[in-house]
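Note sheet for the following structure.
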């Protein structure tokens, strides 16, 4: 039984896409930078939804830029990046699909 479990675990790990895992981790980390920026203009549950929409619509390069501010107050460049992503049609569509108005950032 234990050998079967170990073998299945190894197969599951082998099936993981390392690049996707890194991207997912970067996006989750970027959420911690984006959320405080959008938090100021809405309730916490709304900010969580908007944060997810922003991060989902950010490019890989934008994610890298966002996570540079991890543990620091967001600078003007980070705030401008979030604003640019927020104003994209796909991001606005994500927000309105969740039943929220477009936030003022």
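Summary of values
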item	result
Number of the exception - residue 25 against (1) assigned to a helix (DSSP H, G or I); (2) in contact with a helix residue (DSSP H, G or I) (Cβ under 6 Å, 6 or more places away or on another chain)	(2)
Search result, residues across region 36-55 that are surrounded by fewer than 12 Cβ atoms within 10 Å (Cβ to Cβ) and in a loop (DSSP other than H, G, I, E, B)	40, 43
Test: residue 42 is modelled with pLDDT under 90 and within 15 Å of the chain's Cα centre (by Cα)	no
Any chance residue 58 is outside any helix (DSSP H, G or I) and crowded, with 18+ Cβ neighbours inside 10 Å	yes
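The values are calculated or read from the model by the stated rules, or taken from the named source; none is laboratory data. Quantities reported herein were computed from a predicted structural model and do not represent experimental measurements. Cβ sites come from the backbone with ideal geometry, for glycine too, and all protein chains shown count toward neighbours.
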